[in-house]
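Read the structure below first, then the notes.
The values are calculated or read from the model by the stated rules, or taken from the named source; none is laboratory data. Everything numeric here is computed off the predicted structure, so don't read it as measured data. In this analysis, Cβ positions are derived from the backbone assuming ideal geometry, glycine residues included, and neighbour counts consider all displayed protein chains. Note: accessible area is taken over every heavy atom of the protein model, side chains too, but ligands, DNA and RNA are not part of it. Shrake-Rupley method; radii C 1.70, N 1.55, O 1.52, S 1.80 Å.
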Amino acid sequence: MITSLAVAALLASVSPVSPGTSYDSRIPTLEQVVGHAAGAQISSPEQITEYLKALADAAPDRTRLVQYATSEEGRPLHVLAIGSPERMARLEEAKAGLARLADPRVLDGGEADDLLSRLPVVVWLYHGVHGNEISSPEAALALAHHLLAAEGDADVDLVRREAIVLVDPLQNPDGRARFVASNRLAQGPWPDPEPASAEHVEPWPRGRSNHYLFDMNRDWFAQTQPETRGRLRVALEWHPQVAVDLHEMGGDATYYFAPPAAPANPHFAESQHAWHDRIGRAIAAKFDEQGVAYFVREVYDSFYPGYGETWPMLHGAVGMTFEQASARGLVYRRTDETTLTYLDGIRHHFTAGLATTVTAARARETMLRDYLEFRRAAVRAGEVGVRHYVLLPGRDPARARRLAELLARQDIEVLVADEELHAGELRFPAGSFVVPLAQPAGRLVRNLLDPRVDMPREFLEEQERRLEKRLRGEIYDVTAWSLPLVFDVECVGIETAATGRTSAWAPLAPSASALDDAKVAWLLPWGTGTAGAVVEALEAGLKVRVAEEGTTIGDQTFPAGTAIVRRAENGDDARATLGRIAARHHAEVTALDSGYPERGVSLGSFKVRPLKAPRVLLAWDTPTSSQSAGWARWVLERRYGQRVSVVRVSSLSRVELDRFDVVVLPSGDYGEALGKRAVGRLRAWVQEGGTLVALAEAARWLTTADVGLLATTTELRSGCPDREPDDEEAGARPETCGAQKDEPYDLEAAVLPERERPEAIPGALLRVQLDGEHWLAAGTDGQIQAIVDSRRVFSPLKLDEGRNVGVYEGADDVVASGFVPDPARDLLAQKAFLMHQPLGRGHVVAFAEDPNYRGYAEATELLFMNAVLLGPAY
């Protein structure tokens, strides 16, 4: 007789994802652990963790559960390693072998062949980096259960024998928690398929991003977020040969998998392209059997090294992105009146992930060999042409050090010069960082330190053609990201080895070193290290001043913006306190026993201004761009340690503005959210001494007639003001702003819109010339590179209205890196990037672009912090 318990076990073992498979009932199903089957509800982060732990407990000889990070909101991130009992019993030995395979310089031919013959192929599948892309985490759980519980399945047996599968079900638990909360709040008795229903439409900021509202699928090389840093540690510990990032897209789409769209990153190997095709065909075969529609080679490229597929490829893995149409709930009505369910998405991701894993297992040794050859080829490529990059400390050594730390955390070998280095006629000071290209991560080095990574000429010509015809462009993300350029750190490529003593360098926790004693003051030249140190010093109660102009005392010259901590104004513990703070921020400190200047400003001058710990308000919630708001908050709180009050825009009309020194408006159009009364309050607050900092679209909003807080305008493609002219302006405007002149009919000219915004620039790096006499430019050398990712063009302020502190270079020099259409380049040349307009006793500071872009734009972030820290002092 079949008992009721046996029936329950049999029913529980039937998978809604793979219903024909026989499963070991000792491995629990999702329903047995959390109370719902796959696809029946959207599992919360806590339920996902609970089920992972249940799987690991049920099969301890075939799994290893590792917590690799903790999110900002305190949620754990896990990866579950799965393999045969034999593989898992020798897991540490396998990991050591994979680490040796990853560095071919330490291998001889015999050892390499031995490793290739016995090591497992490592397949790493990571899911849910965007928290509202909901089906892939559930698919991850289904795949983990399938690999552990399937019985009599030859493919699964093969995977267990030949591979270690790393299943990371949830890269962004904070974002998913936000989505789940929104979705469950909106649910009724039945799932609502209507796309406009509250189940599918999330409030600001939506669940895509993490706690700090970063898109973590752009964060792989920037490593700003703890989730990303933990994920990179997984990559560098396990050395995967296959790395798959599973996503969702719009509900009317189908399924996307590799090969990716053009352009490909030029530093990939041909073998990686071949694997894209091979794995893609394997997935296609499964989908064709099931009648699942799909597409390849469209939309999603693999160019930017901050993607979850591209960064692993530059270490030698076969990286891929999978995209499933999203139900954004349990059921979704598509425009063709068909229905897409949450379970559909889970099944499709499960099928693609399993097909990928099986394909890799079938070709275990070939995949390992191609991985090894990729890393060997990277070493060989670094032995010709430019062989080393040298990062100079320059005037802001803390920034150069931060760049070196960023590289080192990505398993890039970095050396430090223990003495002056010589390379031909070139001289590099002690403290310079040397990055050899002849290393296994050399292709990643080229991506991050080369001034440009070029797209194919024919691809760019096609984009220009499409722009001329007003067709949608095919560039998916940014076209430039060179870290030396965005950090404004001088980087020199040399083709010969530098002579002089160097040593291997790795970032260490700072240790407090005693400052030299000072009778008069300690001086800290302004820069990223000093800005961070000043924030902490003010918080600690130290009194800090800033020099409006430069000074020379004794034989040392200090530039404008130098921070001054006077001995007489601070307590007996000032030396020890400042020493600890300066060490943490790698700020340079000079002790002075005399304040008498040889040239320049005196320390007691009225041009030496006291700083205060600024009280900062950051506008939050709609209509701000969530990313811009998140970037600004992260730069303030995490990058520089500055306290900030996050205030919803809807509260700005009643908040006590006089309790704040600085108001930051992230990018956004505030026209409908802030009415005449709120604008009037902002204006009065600035006039009384407040510093208003507007970013990107917020700066444009300040120029509108109803606001009038920035005395300029954005421009149209024609170069004319982006507003309707008044009668006087209409009579004086240039002919190019009007209708076609009385000439032979020109069709191309006739069809051009009269009022058209400029071409969008897809994330290029443009050179900006700075006014070194202005306090906003403190800590710079007079020129930086700014990330431009918009179609905004601001006419410069007139001299009687304010200062154009940052202006784009002329047309011949403005493009430092990336793709900029010629008309956009010509229009942007010598236009305003950073504007300062005094108003009463206060300031309006406006950035044409977001200075905090993705959290890695170090040079422009310093300009932003200058506005926050120095504005109240002026």
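Worth pointing out:
- In nm, spacing of pseudo-spin labels at HIS422 and THR21 (7 Å Cα→C-beta vector): 6.6 nm
- Stretching the chain fully between VAL386 and ASP771 yields a gain of 135.2 nm (0.36 nm per residue, less the alpha carbon separation).
- In degrees, nearest ten, helix 457-468 long axis to first principal axis of the chain (Cα): 70 degrees
- Coupling constants for segment 699-715 follow from the phi torsions by the Karplus curve (6.51 cos²θ - 1.76 cosθ + 1.60, θ = phi - 60°), and in residue order they are 5, 4, 4, 4, 7, 5, 4, 6, 10, x, 9, 9, 7, 8, 8, 7, 10 Hz; glycine and proline get x.
- The angle separating the long axis of helix 528-539 from the principal Cα axis of greatest extent in the chain is about 80 degrees.
- Across SER271, SER84, the residue with the most accessible area heads the list, and the full order at a 1.4 Å probe is SER271, SER84.
- A simple spin-label model places pseudo-atoms 7 Å from Cα toward Cβ; at VAL299 and ASP113 they are separated by 4.8 nm.
- Amide H to amide H, with H built 1.01 Å from N, GLY251 comes under 5 Å of SER326, counting only residues 5 or more places away or on other chains.
- In degrees, nearest ten, helix 173-186 long axis to first principal axis of the chain (Cα): 80 degrees
- Were the residues from GLU289 through THR552 laid out at 0.36 nm apart, the gain over their Cα-Cα distance would be 86.9 nm.
- SER605-GLU656 FRET efficiency (beta carbon distance; Förster radius 45 Å; 0.05 resolution): 0.85
- Phi angles across segment 582-594 convert, under the Karplus curve 6.51 cos²θ - 1.76 cosθ + 1.60 with θ = phi - 60°, into 3J(HN,Hα) values of 4, 5, 4, 9, 6, 8, 7, 10, 10, 8, 10, 9, 9 Hz, Gly and Pro given as x.
- Solvent exposure of the chain, expressed per residue, is 40 Å² of accessible area, with all protein chains present and a 1.4 angstrom probe.
- Loop-located chymotrypsin sites (Phe, Trp or Tyr not before Pro) in segment 540-643 (DSSP state other than H, G, I, E, B) with a sparse environment of at most 14 neighbouring Cβ atoms within 10 Å: PHE606.
- Using the Cβ-Cβ distance between THR70 and SER645 with R0 set to 35 Å, the FRET efficiency works out to roughly 0.85.
- When the C-alpha to C-alpha distance is required to be over 30 Å, the pairs from LYS469/LYS676; LYS607/LYS798; LYS676/LYS798; LYS543/LYS798; LYS543/LYS676; LYS519/LYS612 that qualify are LYS469/LYS676; LYS543/LYS798; LYS543/LYS676.
- In sequence order, calculated HN-Hα J values of segment 18-28 (Karplus, 6.51, -1.76, 1.60; Hz; x Gly/Pro): 9, x, x, 8, 8, 10, 6, 5, 6, 8, x
- ALA760-ASP277 FRET efficiency (beta carbon distance; Förster radius 51 Å; 0.05 resolution): 0.95
- Euclidean distance between Cα centres, segment 561-602 to segment 117-144, Å: 52 Å
- The chain, helix-only ellipticity at 222 nm - DSSP H runs n ≥ 4, -39,500 (n - 2.57), divided by all residues, nearest 500: -10000 deg cm²/dmol
- Taken as Cα centroids, segment 316-369 and segment 20-72 sit 19 Å apart, rounded to the nearest whole angstrom.
- Dipole size of the chain about its Cα centre, with +1 on Lys/Arg Cβ and -1 on Asp/Glu Cβ: approximately 2060 debye, rounded to the nearest 20.
- Rounded to the nearest 10 Å², the accessible area of HIS388 at probe 1.4 Å: 30 Å²
- Additional length obtainable on full extension of the chain from ASP812 to ALA509, 0.36 nm per residue less Cα span: 104.7 nm
- Entry note, the chain: relative contact order of 10 percent, from Cα contacts under 8 Å with a spacing of 6+ residues.
- Mean separation of Cα contacts under 8 Å, 6 or more apart, over the residue count of segment 359-482: relative contact order %: 26 percent
- Farthest positive-ward along the chain dipole, Cα basis, beta-carbon charges - from TYR255, GLY385, GLY175: GLY175
- When the trypsin sites (Lys or Arg not before Pro) in segment 469-569 are filtered for DSSP coil states and for at most 13 other beta-carbon atoms within 10 Å of their beta-carbon, the remaining sites are LYS469, ARG470, ARG472, ARG501, LYS519.
- For segment 589-696, the list of trypsin sites (Lys or Arg not before Pro) that fall in a loop by DSSP and count at most 11 other C-beta atoms within 10 angstrom reads ARG654.
- Per-atom-type breakdown for the chain gives carbon and sulfur 48% of the accessible area (1.4 Å probe, protein chains only).
- The equivalent ellipsoid of the chain has semi-axes of 48, 34, 28 Å, largest first, where each one is the square root of 5 times an eigenvalue of the Cα gyration tensor.
- Label-point separation in nm, ARG681 to GLU92, each point 7 Å along Cα→Cβ: 6.2 nm
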